[in-house]
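Let me begin by presenting the structure, written as structure tokens, before commenting on it.
Computed from the coordinates by the stated procedures, all read-outs in this text should not be read as laboratory data. Values in this document were obtained by computation on a predicted structure and should not be read as measured data. Every residue, glycine as well, gets a Cβ built from its backbone with ideal geometry; the counts of neighbours run over all protein chains shown.
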Ligand code: KG4
Ligand code: ZN
């Protein structure tokens, strides 16, 4: 069976084909057309521009995915598409394209939740004999942290989720993007912050201390808007020469990255303890951050001998079609031919 996954929820146009052979999964193609160059000048995603680009790119990306998978269109058995959460105009492009394709090929569609897809990409294991996740990893605490979301989710099994906390304002990735824009580091901000944070500081006198928002609060919510504002205040009080210096940019990048990591690790590990989690599952663009991955591993090893830490390979943390195909596979009982019911849901909850 060949399963197609489509995501147009933000600024990447993504199509993937996943082959299911019995209980084995095989990735046949995973094509991403990035709009980074277009949104770079705005320092963030511009929804109407993103929609226009998706409309133009999706048929091209689809053809490329088919070609790379070495299959014909009529060999697709099931379609899956992100219906939300995401940018509404962008979501509609993927949803409408998928509906047209489904009618043409006479196959059903699985509507996919983007947040669930960021979690389920962790279970696409081509070497595994069985794709049914081992029950020993549940209950799991999932942290989905991206440009649009920062959520902690208690997962009992595939399909059974409880949102236990989320950001009250900006997402962690959004905070990186805004700080990077302020410092002129480039877009997207996360990778730019990561790159600068790896550089050495030689001026030991230059110092900065940023807050760890809500880290002491007993709930599982987050807030990253204040962190961004704290950087802005520090920036404004510095002389122009310092602001523009590479040393200052490195210093802020290191500290803002560490502040975000401290809060994410602290809240996730506390949730894992409270809910006696057997695993911690990470997903979303910010999880591509090497320092975050390293510190999560160190802390889990230190504090949780019996709790498994699961995260995707770096390239599958950011948006991709494969995560949607995976979510389609694990939710195949939700496949429907009632296409009128499939609509873009920008504020869809898990
Ligand atoms: O999951 P994603 O591709 O899209 C959303 O669903 O939002 O996440 C994109 C976010 C951006 O904010 C980007 O700056 C951040 O993930 N990001 C990173 C890294 N790579 C991407 N943040 C920190 N370190 C990275 N290496
Ligand atoms: Zn995403």
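Place the peptides 47-60, 149-162 in order of packing, highest mean first, counting for every residue the other Cβ atoms within 10 Å and averaging per peptide.
Taking the mean over residues of other Cβ atoms within 10 Å, the ranking is 149-162, 47-60.
Pairs of Cα atoms under 8 Å, at least six residues apart: use those to get the relative contact order of the chain, whole percent.
Relative contact order here is 26 percent.
Compute the orientation-averaged projected area for the chain from the convex hull of its Cα atoms and round it to one decimal in nm².
Over every viewing direction, the Cα hull of the chain projects on average to 17.7 nm².
What number in nm² do you get for region 54-185 if you take the convex hull of its Cα atoms and divide its surface by four?
11.1
Only bridges with both residues in the chain count here: give the DSSP antiparallel percent, nearest 5.
60
Under the Kirkwood approximation applied to all pairs of distinct alpha-carbon atoms, what is the hydrodynamic radius of region 135-312 in Å?
Value: 16.7 Å, from the Cα pair sum.
Given labels modelled 7 Å from the Cα in the Cβ direction, how far is it in nm from residue 168 to residue 27?
3.8
Work out, step by step, the length gained on full extension between residue 315 and residue 199: first 0.36 nm times the residue separation, then minus their alpha carbon distance; give nm to one decimal.
Once the chain is fully extended between residue 315 and residue 199, it gains 39.5 nm.
Output the relative contact order of region 1-44, whole-number percent, from Cα pairs under 8 angstrom with separation of 6+ residues.
Details: 65 pairs, mean separation 13.7, N = 44.
Relative contact order, region 1-44: 31 percent.
Which value at 222 nm does the chain reach when only helices count, each DSSP H run of 4 or more adding -39,500 (n - 2.57), with the total divided by all residues and rounded to the nearest 500 deg cm²/dmol?
Calculated mean residue ellipticity at 222 nm is -13000 deg cm²/dmol.
How do 133-144, 265-276 rank on mean C-beta neighbours within 10 Å, highest first?
In decreasing order of mean packing, 133-144, 265-276 become 133-144, 265-276.
For a protection proxy built on the mean count of beta-carbon atoms within 10 angstrom, sort 6-16, 93-103, 287-297 highest first, please.
6-16, 93-103, 287-297
If I take R0 = 22 Å and measure r between the Cβ atoms of residue 349 and residue 270 in this structure, what FRET efficiency does the formula 1/(1 + (r/R0)^6) give, to the nearest 0.05?
The value I calculate is 0.45.
With an 8 Å cut-off on Cα pairs and a minimum separation of 6 or more residues, tell me the relative contact order of region 135-312 in percent.
In percent, rounded to a whole number, it is 29.
Restricting to region 135-312, what percent of DSSP beta bridges are antiparallel, rounded to 5?
Here the antiparallel bridges make up roughly 55 percent for region 135-312.
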